[in-house]
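What follows is calculated from the coordinates using simple rules that are stated; it is not laboratory data. The model shown is predicted, which means the values in this text are computed figures rather than measured ones. In this analysis, Cβ positions are derived from the backbone assuming ideal geometry, glycine residues included, and neighbour counts consider all displayed protein chains.
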Amino acid sequence: MTKDVTLKDLLQELADKRSFDFRGYKRTTLERRFRRRMFQLNIGAYSQYAEYIRKRPEEVTELLNTILINVTAFFRDPPAWEILRHEVLPSLLKRVKPGHSFRAWSAGCASGEEAYSIAILLAEYFGPRIQDYDIKIYATDIDEEALNAARRGEYSTDCLRGVRPEWREKYFQGKGLFRISREIRRLVIFGRSNLTQDAPISHVDLLTCRNVLIYFDSDLQKQILSRLHYALEPGGVLFLGKSESQLTKSQQFQRTNARWRMFRRITGSPLEELPELREENLEQPALSVVKTSQEVYSLRQQQRYMLDTLRIGVFALKADETIAQHNTAALTLCGLPPTSLVGRTLADTDLFTRIPDFGRQMQSTRLKNDSSRTIVRTKIGSEEKLLEITIRPLLDEGGIRSGTLIYLEDQTMHEKLQTTVEELESTSEELQSANEELETTNEELQSTNEELETTNEELQSTNEELETTNEELQSLNEELETTNQELEDRTRELDQVNNVYEQTLEKIRLPVMLVNPERRIEFWNSMALRLFGFKSKPPVDLTVDQLPLSQSLRSLLVRRHRAVLLKQQPQVARAQDLGSRFNSVADIHFSVIPHEDKTNSVLIMFESTAAREASRDHRPNK
């Protein structure tokens, strides 16, 4: 007897054995999409579908295509994109100078329209000067088929309805099927990424994730939003879908446009908020020539004490990467002995050995002279630490690198505190629930409040489900329209080809047959039908070796048919006796007719010798 399998069991099996984890998706959406796929396969129970997947591993890909709803459009919700163009992007781009980078990320990009929309807005903003900037737009999705379509950058006329006519003329080529221009395509980098599992793209200035979160439950939404917060630079903008309201009470984002769900990251790194760690303050020259050496010495001592007081590790390097200054915290965080490293180069220390990622980070700052920030895990002694490393080059007035500042901050305790805070929040919720049960005097008001909150959540959930259903219907409608158009085009092409064949065959005043590579007669003209005694086209398809001719003549037709196909050259069989039944001698012409599908047919024409001689006799003398 087959064991009963629930949707939860099936999801667990897919996660454990197929590496497809849908457990964070909303249950109602999953049930609807699973039932749709099972209906297509005429399967009624989850246990049967689980067995079907075990026997056919490729079914997981078909299921993924059913669950994922790739509905998107160029400049979807035009008023939102106008705000992005005129208000948000100018504030982000005003600080970008020639040679600097600007990074955008379109998470859940589907077939690429959203990522290309961002690229078009940037191209409009910078104009011809866009070549002077390092613009990168990362577009990711879990659906490989959708990514392949996005990489091709080809769209129908209906897909470009949201694009302004002048932009369509400027950034697309072709007719009927339009291809994105090369200058826009080179700005976008497509790649497969799972928002729920893979590491986010970092140092992003603009992040769009529209109508993606509505498919996940609240816990997974919080996890994804945490990843998106990490991906954004301080001051970066997050652009969500109009049905997503998870950040309305967030302490990490500031709403810039509530209606169209645009938020700005407001949290920054503590290293950026310490004025004593700025480059111009670490190596401060004498402010006045009248300062005595005692005053200079006193200032240096104060600076020394300040550095040693900081819990943040600091290395100050000269242009040749010789260590000019460091504090005790830097040695402790890196697990180095408490000795002075001043005057030594980084290569002469154990820093690269203790933190393997540090060398790659230094190399990246050498190439671009840009600040770099990364978080690494390293083992110092028997303890594992989480370090945030910031490398900032020091540039003189001529823009030449004169030194480097390295900040190291121990984030281990912060990570532990974050875990503790989450546990405390969970405990607080449990205590709150117990307190509500004990407060009998406030029961009616509390009940009313809970009913209102439940109603609000149900309305929000219903709105998200309606949005999901709408996108499913839109996806189905687009698929049906595409299929219908393809069928109409193919029918029209077949009608045209058939019409051309019929007219051509009928206008030739000789018996003509068109024979396919299997020697089956595909077309007859009326002269050919009359020649072989048929009043109309035979009800069944005949082959050339079934014609009412002598065995030797049928063999001749088969041999010449084969020879013409092999040599791709026309041939003529002269003065062939068609037999007493036809009372005629004819020249039989064999010609090759190529087709678009790289197959060939043979055109066979019978030219009566008597008719040819009569035609020759009636020719006017020159």
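Using alpha carbons only, how many degrees (0 to 90, rounded to 10) separate the axis of helix 357-368 from the longest principal axis of the chain? Helix 357-368 and the main axis of the chain meet at about 80 degrees.
The DSSP beta bridges internal to the chain are antiparallel in roughly 75% of cases. Packing-based ranking of 337-345, 323-331, 123-131 yields 323-331, 123-131, 337-345, ordered from highest to lowest mean Cβ neighbour count within 10 Å.
Of the residues 180, 142, 361, the one whose Cα sits farthest towards the positive end of the charge dipole of the chain is 180 (charges of +1 on Lys and Arg Cβ, -1 on Asp and Glu Cβ, taken about the Cα centre). Compactness ratio for region 1-81: Cα radius of gyration over 2.2 N^0.38 Å (N = residue count) comes to 1.30. With 0.36 nm allotted per residue and the present C-alpha distance subtracted, the residue 417-residue 483 stretch has 18.2 nm of extension available. What is the angle, in °, between the Cα long axis of helix 7-17 and the longest principal axis of the Cα atoms in the chain? Nearest 10 is fine, range 0 to 90. Computed tilt is about 90 degrees.
Per the helix-only calculation at 222 nm, which mean residue ellipticity applies to the chain, given -39500 (n - 2.57) for every DSSP H run of n ≥ 4 and division by its residues, nearest 500 deg cm²/dmol?
-14000 deg cm²/dmol
Candidates 53, 324, 588 compared by Cα position along the dipole of the chain: farthest toward the positive end lies 588, with charges placed on Cβ. Each label point was placed 7 Å from the Cα along the Cα-to-Cβ direction; for residue 427 and residue 196 their separation is 3.1 nm. The charge dipole of the chain, taken about its Cα centre with unit charges on the Cβ of Lys, Arg, Asp and Glu (plus for the first two, minus for the last two), comes to roughly 4400 debye. With the largest listed first and rounded to whole Å, the semi-axes of the equivalent ellipsoid of the chain from the Cα gyration tensor are 74, 36, 24.
Between residue 566 and residue 495, what is the FRET efficiency for a Förster distance of 41 Å, r being their Cβ-Cβ separation, to the nearest 0.05? Walk me through the intermediate numbers first.
Values: r = 33 Å, r/R0 = 0.80.
Here the calculated transfer efficiency is 0.80.
Relative protection proxy for 38-50, 401-413, from highest mean packing down: 401-413, 38-50 (other beta-carbon atoms within 10 angstrom).
At full extension, residue 476 and residue 58 could sit 148.2 nm farther apart than now, given 0.36 nm per residue minus the alpha carbon distance. Take each peptide in 96-108, 153-165, count the other Cβ atoms within 10 Å of every residue, and average; sorted highest first, the result is 96-108, 153-165. Does anyone have the angle between helix 218-231 and the longest principal axis of the chain? Alpha-carbon axes, 0 to 90°, nearest 10? Approximately 80 degrees, to the nearest 10. If you wrap the tightest convex hull around every Cα atom of region 78-268 and split its volume per residue, you get 116 Å³.
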